Amino acid sequence: QVHVVESGGGLVQPGGSLRLSCAASGIAFRLVTMGWYRQAPGKQRELVGSITNLGYANYADSVKGRFTISRDNAKDTLYLQMNSLKPEDTAVYYCNLFPRTATWGQGTQVTVSS
């Protein structure tokens, strides 16, 4: 019964910033590794990055240096700070457990365009 709700997506210009949030329930959030994933039109879902229960994060090469994953275990909430956004970052962004995923949520749309 893992349940996640993503929010914070929207339309942003290239070079802009956006912060996504993921509210989790049905799990001992403070004990699990979480991940951000994204899926662009016509492409497979890919891992953006992950963060351990203690806050150690890893990132895909495509976003390294631009994106930052953080978490607030007191609020059972995961965050994705996205800076220097590029059109190729356009995708539906999802959060889930890592590496074994549970049921996917609806995600939140991020569109980077002029």
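Worth a mention:
- Tally of residues being among the hydroxyl-bearing types (Ser, Thr, Tyr) and either touching a Lys or Arg at 6+ places or on another chain (Cβ under 7 Å) or over 15 Å from Thr111 (Cβ atoms) (or both) across the stretch 8-29: 2
- Scanning the stretch 87-108 for residues that are surrounded by fewer than 17 Cβ atoms within 10 Å (Cβ to Cβ) and among the charged types (D, E, K, R) turns up Glu88, Arg100.
- Ser84, sole failed condition from (1) on the phi < 0 side of the Ramachandran plot; (2) open to solvent by 10 Å² or more (accessible area, probe 1.4 Å); (3) in contact with a Pro (Cβ under 9 Å, 6 or more places away or on another chain): (1)
- Yes/no for Ser113 being open to solvent by 30 Å² or more (accessible area, probe 1.4 Å) and in contact (Cβ under 8 Å) with a residue 60 or more places away in the chain: yes
- Strands (runs of 3 or more DSSP E) contained in the stretch 30-93 and holding at least 3 residues under 14 Å from Val110 (Cβ atoms): 34-39, 77-82
- Scanning the stretch 28-46 for residues that are open to solvent by less than 60 Å² (accessible area, probe 1.4 Å), out of contact with any Asp or Glu (no Cβ under 8 Å at 6 or more places or on another chain) and touching a residue at least 12 places away in the same chain (Cβ under 8 Å) yields a count of 5.
The values are calculated or read from the model by the stated rules, or taken from the named source; none is laboratory data. As the structure is a prediction and not an experimental result, all values here were calculated from the model. Ideal geometry is used to build each Cβ from the backbone, glycine not excepted, and the neighbour counts take in all protein chains shown. Note: accessible area is taken over every heavy atom of the protein model, side chains too, but ligands, DNA and RNA are not part of it. Shrake-Rupley method; radii C 1.70, N 1.55, O 1.52, S 1.80 Å.
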